[in-house]
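Quick notes on the structure that follows.
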Amino acid sequence: MPSDPNETVYDIRGLTKVYPMGEVQVHALRGVNLRIPESEFVVLLGPSGSGKSTLLNIMGGLDVPTAGEVRYRDLDMTRVDANRLTWFRRESVGFVFQFYNLIPSLTARENVSLVTDIATDPMTAEEALDIVGLSDRLDHFPSQLSGGQQQRVAIARAIAKRPDVLLCDEPTGALDAHTGITVLEAISNINAELGTTTAVITHNAAIGQIADRIVSMRDGVIVDETCNSTKAPVSSMSW
């Protein structure tokens, strides 16, 4: 995996997304410009309806823009077909959502193996679960795990295929503060140790303390960007 911090992973220009709602058009994004370099940990901060999830979904190839350009490295994501976007999602992106989406009848190991079975150069399920601190829970079912542990299984599943990018949409939204910190430690460690370019959506400003950069959104536009010269460790966060 490349590790040049000056290399651009995402170059987003003039990004616009309009959803038709009957006779009304909802402007979810209004000309967003954003560059994300190699190995950066960026937090997308803003209230509900600010456009964060729409932006993340387009970055992950789950949605397409109405106008503008999204380049992932040398790939112009706005000019490729659905099959190419599917390949991009499968090979390059790990997704973590607010709800864990684990299969209840499968163990932690088996849930992660669903991804390793189709990836080109995956970790083993055991390696991925060890990275998130669950090597002692390999054969536990979701019902036998806490909410934080289930989310860490979801993170292990996301990173098991060795993605270039990790995209997280409110990964601590369903968790209490203590459990959320455990989950954020897993995400932060992956960014630091594996160099995985990471974007985390949140409405919790405190999470920005552990990021390289905070991108604040409101009403479909970026209203502020703040760089952290020294990231705070997760353990020191004031939630």
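The values are calculated or read from the model by the stated rules, or taken from the named source; none is laboratory data. Please read these numbers as outputs of a predicted model, since none were measured by experiment. All Cβ positions, even for glycine, are placed from backbone atoms using ideal geometry, and neighbour counts span all protein chains on display.
Checking each residue in the range 113-143 for being in contact with a Lys or Arg (Cβ under 8 Å, 6 or more places away or on another chain) and of a type outside the set (A, V, I, L, M) picks out 116, 120, 121, 122, 126, 133, 139.
Candidates in the range 121-132 are the residues that are in a loop (DSSP other than H, G, I, E, B) and over 19 Å from the mean Cα position of the chain (by Cα); of these, the one that is surrounded by the most Cβ atoms within 10 Å (Cβ to Cβ) is 124. Within the range 204-229, the set of residues being touching a Lys or Arg at 6+ places or on another chain (Cβ under 6 Å) and without any contact (Cβ under 8 Å) to a residue 60 or more places away in the chain comprises just one member, 227. Only residues that are surrounded by 15 or more Cβ atoms within 10 Å (Cβ to Cβ), of a type outside the set (S, T, N, Q) and in contact (Cβ under 8 Å) with a residue 40 or more places away in the chain were counted across the range 92-109, and they come to 8.
Conditions (1) surrounded by 17 or more Cβ atoms within 10 Å (Cβ to Cβ); (2) under 22 Å from residue 204 (Cα atoms); (3) more than 19 Å from the chain's Cα centre (by Cα), marked per residue:
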| site | (1), (2), (3) |
| --- | --- |
| 14 | no, no, yes |
| 38 | yes, no, no |
| 57 | yes, yes, no |
| 62 | no, no, no |
| 74 | no, no, yes |
| 79 | no, no, yes |
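Here the condition is being buried (at least 20 other Cβ atoms within 10 Å of the Cβ) and touching a strand residue (DSSP E or B) at 6+ places or on another chain (Cβ under 6 Å); of 18, 43, 26, it holds for 43 alone. When you scan the range 176-190, do you find a residue that is more than 13 Å from the chain's Cα centre (by Cα), part of a loop (DSSP other than H, G, I, E, B) and within 19 Å of residue 46 (Cα to Cα), even just one? No, the range 176-190 has no match at all.
Counting only residues that are at pLDDT below 95 and more than 16 Å from the chain's Cα centre (by Cα), the range 194-219 holds 3 of them. Exactly one residue among 190, 201 is in contact with a helix residue (DSSP H, G or I) (Cβ under 8 Å, 6 or more places away or on another chain), touching a residue at least 60 places away in the same chain (Cβ under 8 Å) and buried (at least 23 other Cβ atoms within 10 Å of the Cβ), and that residue is 201.
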